[in-house]
Amino acid sequence: MDKLLAMTTFVRVVEAQSFSKAAETLSMPRSSVTTVIKNLEAHLGTPLLRRSTRTLSLTDAGARYFASCQAILSDIAKAEIDLSSDATTPRGRVRAGMPGLIARAIVLPRLLDFEKRFPDIELVLGLSDRPADLIYDGIDCVIRTGELTDSTLVARRLGQLGWLTCASPGYLREHGEPDSVSALGAHRVVNYISNATGRPLDWRFKVDGEDLAIAMQSRFSINETEAYLQCGLEGLGLIQISRFAAFPYLQTGRLKEVLADARCSPVPISIVYPLGRNATAAIKAFVDWIVEISTTASFQ
């Protein structure tokens, strides 16, 4: 038995004081309304209505049940209205994961704008280079780099992330500048440890139109982007890092790009969130906002 339909039918019969009028408002045959009420009374094990040829009244049990049904249907209507208003005024909590560098450079400087536009959204940011698992970590959406393979997620492209090889001027004065990828063996490098695998990432280049991935030996390895960047600034060796991270230091001359003609292909950067009903209006509003503010970012 469809209990919600039965409650709705029962309330409509009582309000209309007529099976026929209730049937009209519900766009149901009168016989169907009668059957629903009979089945409801059988399910509850008690009569709800006293029927005569001219009048319709509630039993004591019917009066109590009628009050309960009114309250339940009112709560359902309120919940639907609240959800409808969420579409125009998103509200609730959004838990978002992203690399700290992107958060500090793009997101945090614009949080006041977000608060003004979406005053009913509570934002919880998790900053980490570690790839977040939306289910395990309880995250609603996350910014990721690289090709995406999870078909259960919606991906919104933010741009492409370009990578380059660079070093401090001090390092280059002392050790010279490599003039080819094959010359890297004579240089000191700092490796970046993948938070997904726990192993150093290969160094990636494009030579004669071919993508190359090279495992480099190093004395220092780091698993956090800003600390990795600091190693390059301190002259500990060559580093391979996103242009987005290195750009301010390239501008001031604290870093210098090398092997520019062997830059690897850029990788996509996206924000992802769950498909379907798991994505609330608040999550979609935050994702739209991230896509909007990312148009001013120069990832490459």
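Across the alpha-carbon set of the range 1-134, the Rg to Rh ratio works out to 1.32, Rh being the Kirkwood radius. Note: relative contact order over the chain, using C-alpha pairs below 8 Å and six or more positions apart, is 21 percent. Its DSSP H runs of at least 4 residues, each contributing -39,500 (n - 2.57), put the calculated 222 nm mean residue ellipticity of the chain at -12000 deg cm²/dmol, to the nearest 500.
Rounded to the nearest 5, the antiparallel percentage of DSSP beta bridges internal to the range 163-262 is 75%.
To the nearest ten degrees, helix 30-44 and the longest principal axis of the Cα atoms of the chain are 80 degrees apart. Expressed in Å, the radius of gyration and Dmax of the Cα atoms of the chain are 31.6, 106. Give the percent of DSSP beta bridges with both residues in the chain that are antiparallel, rounded to the nearest 5. Antiparallel bridges: around 70 percent, rounded to the nearest 5. Largest mean-square fluctuation among ALA262, ALA42, ALA103, in a Gaussian network model of the chain whose springs join Cα atoms under 10 Å apart, belongs to ALA42. Computed from the C-beta positions of LEU4 and GLN230, the FRET efficiency with R₀ = 41 Å rounds to 0.10.
Could you name the aspartates and glutamates whose alpha carbon sits less than 16 Å from that of LYS284, not counting residues in the same chain fewer than 8 places away? In chain and number order, the partners are ASP86, GLU115, ASP120, GLU122, ASP140, GLU292. When its C-alpha radius of gyration is set against 2.2 N^0.38 Å (N residues), the range 163-262 gives a value of 0.99. I'd like the GluC sites (Glu not before Pro) in the range 204-239 restricted to DSSP loop residues with at most 14 other Cβ atoms within 10 Å, sorted by number. Sites meeting the loop and neighbour criteria: GLU234.
The stretch between GLN160 and LEU275 holds 39.1 nm of extra length on full extension. This uses 0.36 nm per residue minus the Cα-Cα distance.
With 0.36 nm allotted per residue and the present C-alpha distance subtracted, the ILE214-LYS21 stretch has 61.5 nm of extension available.
Throughout, read-outs are computed from the coordinates displayed, never taken from laboratory work. A quick note: this is a predicted structure, and the numbers were derived from the prediction, not measured. All Cβ positions, even for glycine, are placed from backbone atoms using ideal geometry, and neighbour counts span all protein chains on display.
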